[in-house]
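Note sheet for the following structure.
The values are calculated or read from the model by the stated rules, or taken from the named source; none is laboratory data. Everything numeric here is computed off the predicted structure, so don't read it as measured data. Ligands, DNA and RNA are excluded from the accessible area calculation, which covers all protein heavy atoms including side chains. Shrake-Rupley method; radii C 1.70, N 1.55, O 1.52, S 1.80 Å.
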Amino acid sequence: MERGTIRIGTTGDYAPMSYLNPLTGEYEGIDAELSKLIADSLGVKIEYVVTTWPTLAADTQADKFDIALCGISRNYNRARTMAMSDAYGEGMFGKTILCRRQDEKRFRSLADIDKADVRVMINPGGTNEKFAHANLKKAQLIVHDDNADIPRQIAEGNADIMITETVEAAHYIREDGRLSAPLINEPFTRHSCGILMAKGDQEWLNYINFALAEFRMDGTMERLENKYLR
């Protein structure tokens, strides 16, 4: 509040959570709206700080920003070394796949995907990459640095599968008729998202959790979840 800004770390590559629209230069998605609501509650402006999935943990712990919002999965690995807010989007997130529409009958299980002739494209540093390495031993894993570009790569045949989240898959099949998410209603995992910050400031964590609770009680969170996640 003394500084007049809240520094928010985001990757800007994960629709519909936090996506930097190249046409407008503005951040879009549920986390972009949550960021503005939190900033407004403090009476400050947003100062976005660009981070990446491979550097997210290090940047958080190095105090490069006050909080991070970009569809960050709540998990034990993060909770051991950083602080995470209460959950939002409970039950709406899970690992699934994106493929070309003509291939949707080909991929009905992990066993169908984990074959030597299947090319799986993943973004580095996040839980998608961890899931792929843990569950796919035969498939060809292709690391692509631009997460937001992977759906186009799939649609154009440069890879067969994208490991992604249910909400991200739903967004892209609406945007591009060449794509399909045949297992979207049967995700391999389920989890929720949270707001990430460095450990050691319980008062700040309490405030973020208080804000989320208020957004839940006044109907704001339900409106955002209906707009972006359902």
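For residue 48, the residues whose amide H sits under 5 Å from its own are 8, ignoring neighbours fewer than 5 places away on the same chain, with H placed 1.01 Å from N. The phi-based Karplus calculation (6.51 cos²θ - 1.76 cosθ + 1.60; θ = phi - 60°) puts the 3J(HN,Hα) values of the stretch 71-80 at x, 8, 5, 7, 8, 5, 4, 6, 5, 5 Hz, whole numbers, x for Gly and Pro.
Return a whole-number percent for the relative contact order of the chain, with Cα pairs under 8 Å and 6 or more residues apart as the contact set. Before the final figure, lay out the partial values.
On the way: 424 pairs, mean separation 62.9, N = 230.
Relative contact order of the chain: 27 percent.
In this structure, the amide hydrogen of residue 144, modeled 1.01 Å from its nitrogen in the peptide plane, lies closer than 5 angstrom to those of 122, 123, counting only residues at least 5 positions away or on a different chain. The alpha-carbon of residue 115 sits under 25 angstrom from the alpha-carbons of these lysines, leaving out residues fewer than 8 places away in its chain: 95, 105, 130, 137, 138. Computed per residue of the chain from DSSP H runs no shorter than four, each worth -39500 (n - 2.57), the mean residue ellipticity at 222 nm is -9500 deg cm²/dmol. Atom-type composition of the exposed protein surface of the chain places 50 percent of the accessible area on carbon and sulfur (1.4 angstrom probe).
Sequentially through the stretch 193-209, phi angles give Karplus couplings (6.51, -1.76, 1.60; θ = phi - 60°) of 10, x, 8, 9, 7, 5, 5, x, 10, 5, 4, 5, 4, 4, 5, 4, 5 Hz, Gly and Pro residues having no value and appearing as x. Entry comment: accessible area of the chain is 47 Å² per residue, from protein heavy atoms only and a probe of 1.4 Å. Here, the stretch 74-230 has an Rg and a Dmax of 17.2, 52 Å when only alpha carbons are counted. Projected onto its three principal axes, the C-alpha set of the stretch 146-230 covers 49, 29, 22 Å, listed from the longest axis down. Restricting the calculation to Cα atoms, the stretch 1-55 yields a radius of gyration followed by a Dmax of 11.4, 33 Å. Within the stretch 47-138, all pairs of alpha-carbon atoms sorted by distance into 5 Å bins from zero give the percentages 2, 10, 19, 20, 17, 13, 10, 7, 3, 0.
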